[in-house]
Amino acid sequence: MSKVWFITGTSTGFGRQFVEQLLQTDNKIIATARNIEAIADFKLKSPDNVHIVALDVTNRDQIQSAVQESIEIFGRIDIVVNNAGYGLFGMLEEYTDDQIRKQFDVNVFGMLDVIRATLPVFKKQKSGHYVNISSFLGTWSIPPYSIYAATKFAVEGFSKSMAVELAGFGIKTTIVEPSVYATEFFGHALQQTERKPEYASVYEAYNQGVSSMKIGDPAKGVKAIIEMINSENPPIHFPVGSFASYSIRDSFAKRIEEIAAWEKLSLDAD
């Protein structure tokens with residue numbers, strides 16, 4: 001059965017892959033991006049199945065307009081993929097106030113505004129699926145991604161709650177936690193701080209770790225996500241890629257070990 005997908009941030013990376021792969025099906029797609037020229041090719045490839053909309057997720061008026069256009073064109077929205085976002089690279093004290101606020105405005109508040117704009121549509125339909133793109137760094141964190149990780153921890157937090165809140169309306173929620181993929185995350189989309197020399201050793205350790213990391217193929221990652229979305233009972237959490245699965249598992253195991261090690265003192269606090 002054909003479904004209507006509303007996808008943010010489709011000019012590059014996972015967002016573009018979603019559209020490219022869905023174009024091979026009979027699904028309908030609302031493809032959004034800040035620069036509509038960057039996604040004009042989608043409309044040329046499939047004029048009947050794709051509607052492109054200029055959308056900056058920090059602009060509430062644009063969000064409302066995009067949702068309204070979607071309903072006018074296709075009559076409904078079945079799946080919202082909250083993909084828009086970017087990375088911020090640096091040590092905690094290196095970030096400027098503007099960098100921190102912008103990171104949260106896009107990665108957290110922008111996603112929340114898309115959810116709040118589309119929720120009346122889902123509730124009226126008594127169906128829908130939110131796919132909120134987080135990261136493996138939404139479950140554990142490393143320098144130099146403290147603020148980026150904080151935004152993804154926030155996405156995880158409200159998404160887990162909304163999954164329960166909205167289930168009674170027939171609305172599903174999935175948090176997607178990708179590994180490191182060959183997207184623009186490490187390219188022009190990654191914003192960086194002005195480095196302080198005293199953190200040189202930490203940056204060096206990070207570079208050594210990244211150099212040995214397996215970089216995933218975005219096409220394979222998105223193919224797995226689409227298969228998950230189309231499954232009969234999609235999960236609340238979906239790590240994508242081996243590094244995400246193994247590192248999240250390892251992080252949670254260490255957390256449980258730490259709780260056990262300090263449990264006696266903790267229980268004495270009752």
Task: helices (runs of 4 or more DSSP H) fully within the range 119-238 counting 3 or more residues that are among the hydrophobic types (A, V, I, L, M, F, W, C), more than 20 Å from the chain's Cα centre (by Cα) and farther than 29 Å from LEU22 by Cβ - done: 200-211
TODO: With respect to ARG16, determine if the residue is under 19 Å from the mean Cα position of the chain (by Cα), within 22 Å of ASN132 (Cβ to Cβ) and buried (at least 22 other Cβ atoms within 10 Å of the Cβ).
DONE: yes
TODO: Would you be able to say whether some residue in the range 184-199 is under 23 Å from SER245 (Cβ atoms) and either loosely packed, with under 12 Cβ neighbours inside 10 Å or touching an Asp or Glu at 6+ places or on another chain (Cβ under 9 Å) (or both)?
DONE: no
Open item on the list: With the requirement that a residue be farther than 21 Å from ILE71 by Cα and β-branched (Val, Ile, Thr), what does the range 7-54 give you?
Closed with: THR12
Task: Members of the range 234-264 found to be loosely packed, with under 11 Cβ neighbours inside 10 Å and of a type in the set (A, V, I, L, M), listed by number - done: ALA253, ILE256, ILE259, ALA260, ALA261
Open item on the list: Taking the condition of being over 30 Å from THR173 (Cα atoms) and charged (D, E, K, R), how many residues in the range 91-112 meet it?
Closed with: 4
Open item on the list: For the range 241-251, check the following and say yes or no: at least one residue is assigned to a helix (DSSP H, G or I), touching a residue at least 24 places away in the same chain (Cβ under 8 Å) and charged (D, E, K, R).
Closed with: no
Open item on the list: One residue is enough: does the range 204-223 have a residue meeting the conditions under 26 Å from LEU92 (Cα atoms), β-branched (Val, Ile, Thr) and modelled with pLDDT of 95 or more?
Closed with: no
- [ ] Using the structure shown, decide if THR58 is farther than 19 Å from ILE79 by Cα, of a type in the set (Val, Ile, Thr) and modelled with pLDDT under 95.
- [x] no
TODO: Among residues belonging to the range 22-58 that are of a type in the set (S, T, N, Q) and more than 18 Å from the chain's Cα centre (by Cα), point out the one that is surrounded by the most Cβ atoms within 10 Å (Cβ to Cβ).
DONE: ASN27
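The values are calculated or read from the model by the stated rules, or taken from the named source; none is laboratory data. What you see is a predicted model, and the numbers here were worked out from it, not measured in a lab. Glycine gets a Cβ as well: all are built from the backbone with ideal geometry, and neighbour counts include every protein chain shown.
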